[in-house]
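The values are calculated or read from the model by the stated rules, or taken from the named source; none is laboratory data. Because the structure is predicted, anything quoted here is derived from the model rather than measured. A quick note on method: Cβ atoms are made from the backbone with ideal geometry, for glycine too, and the neighbour counts reach across all protein chains shown.
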């Protein structure tokens, strides 16, 4: 039952791609109770027949949401007061953003939230690429209106300077007062990410205002002074939280609850276990093993120490870019042949490549059917893989129109629905948001254990590797010239070696158990380096 109009700010959003009036019975229009009483709450757009929903007439009953066969409609009832905080809306029944984060001089501000919550919209608004319209998407907004709207706030001066052309904003190394970085970790390895973080922190130390959108939570924690959380409904609306310290902000995000605003935006909290509770499920016999391997190209040489992959084991592969990690995975998958050495394996390997192709001319469901070769609807595969990964709602989307994160999830799902003994995933975290990375890590671990299969995963997100891996292979060398791979090591030893190479130490957050990088040259950092415990301090045995 809808809330009282006096207390509700209604949001009605239509996914234009999913709405397919020629393939449905116009259920949203037929079953709408307002329409049944003679109103025109939902009508068809003349040019293409797609639905147009009146937010003023809608009573928030949600019947159209349930009746739409394509899940194209989102109806949300928010507190009426929030309507006054609307910053931008892209059109009728389109995404809208509420509130803006304020840059802070001499500080790095991190933006944390799921994809589709408006983080890139914020960057465009604050960098001057987009002018706030406060929901008046069909009228021209001038700068006087913008400045008046922010009267009495720190943002008034910001937009005054933007209006008169004296505000210098950049997303590069050029001299400016305000800097905006959208996912600076993209395409960078763990070493490069630390280097980028130090450059960004250096800008803040020079008195610049810096804002960063980042999904690598360990990196965001390392480089940020403060956090704004974005929550809402992906693709429908995003709300910016109040400013929080980095530690509290990230912990609140993991908890799914904002205490100061009394808002729960996720039902389930995320926790990080100090040790894997299922180590005894890894069977001590190999499903694949390999000798010393070598592979040479015109300007690059790879050497791999011998190792094995055990049943129900997840092997994490980490190291710098251009050291041969993908080449090694292709050799394991049988796509490439080594110049010397042998691989002993009679198992089937399902491989997801690092770079994904969107040239497929069809929708998600037809692609997955071409892989599975059977009906997906109501199948065990749908229940075990597609539903947990939120793939079902993408069935009707064209592959060519998927976002980077959506394409990555579909590629992972397509890899997992193949019958295999080993699943090889090259950078599965790429383009996924912070929440989806945690969900993916926990899901993959459950999937491998329950199926009795194994997995090999390359990734640069150390938090994901820490969550998912049982053992690690570390790649070292000179990028683009030569690379070498260690034998598989237990995770603790492998992480310790990796962190020593990065010259950083880890501690666990006392509330969530998540990994945190110690302050460089701080007391904990010095103590752990002296004892050789780069990967957490061992607790004394009682």
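Below is a table of values for the structure above.
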{"item": "Within segment 421-446, considering residues that are over 19 Å from the mean Cα position of the chain (by Cα) and surrounded by fewer than 19 Cβ atoms within 10 Å (Cβ to Cβ), the one nearest to residue 323 (Cα to Cα)", "result": "421"}
{"item": "Filter result for residue 75 (touching a residue at least 40 places away in the same chain (Cβ under 8 Å), touching a strand residue (DSSP E or B) at 6+ places or on another chain (Cβ under 6 Å), outside the structural domain of residue 402 (by TED's automatic domain parsing) and within 26 Å of residue 141 (Cα to Cα))", "result": "no"}
{"item": "Matching strands (runs of 3 or more DSSP E) fully within segment 280-350 where at least 2 residues are outside the structural domain of residue 446 (by TED's automatic domain parsing) and either on the phi > 0 side of the Ramachandran plot or surrounded by 17 or more Cβ atoms within 10 Å (Cβ to Cβ) (or both)", "result": "none"}
{"item": "Residue that is surrounded by the fewest Cβ atoms within 10 Å (Cβ to Cβ), among those in segment 134-164 that are touching a helix residue (DSSP H, G or I) at 6+ places or on another chain (Cβ under 9 Å) and closer than 17 Å to residue 237 by Cβ", "result": "136"}
{"item": "Subset of segment 106-133 that is touching a helix residue (DSSP H, G or I) at 6+ places or on another chain (Cβ under 7 Å) and part of a loop (DSSP other than H, G, I, E, B) - its residue that is modelled with the lowest pLDDT", "result": "128"}
{"item": "From the options 109, 87, 29, residue that is touching a residue at least 12 places away in the same chain (Cβ under 8 Å), outside the structural domain of residue 430 (by TED's automatic domain parsing) and farther than 30 Å from residue 223 by Cβ", "result": "29"}
{"item": "Condition met for residue 375 (in the same structural domain as residue 310 (by TED's automatic domain parsing), within 19 Å of residue 70 (Cα to Cα) and either surrounded by 18 or more Cβ atoms within 10 Å (Cβ to Cβ) or modelled with pLDDT under 95 (or both))", "result": "yes"}
{"item": "Failed condition for residue 250, given (1) surrounded by fewer than 18 Cβ atoms within 10 Å (Cβ to Cβ); (2) under 27 Å from residue 525 (Cβ atoms); (3) at pLDDT 95 or above", "result": "(1)"}
{"item": "Exclusive hit being more than 27 Å from residue 403 (Cβ to Cβ) and touching a residue at least 24 places away in the same chain (Cβ under 8 Å), set 236, 163, 197, 176", "result": "176"}
{"item": "Test for residue 337: is it in contact with a helix residue (DSSP H, G or I) (Cβ under 8 Å, 6 or more places away or on another chain) and modelled with pLDDT of 90 or more", "result": "yes"}
{"item": "Where a residue in segment 324-335 is within 17 Å of residue 455 (Cβ to Cβ) and its partner, wherever it lies, is part of a helix (DSSP H, G or I) and modelled with pLDDT under 95, with Cβ under 8 Å and at least six apart", "result": "none"}
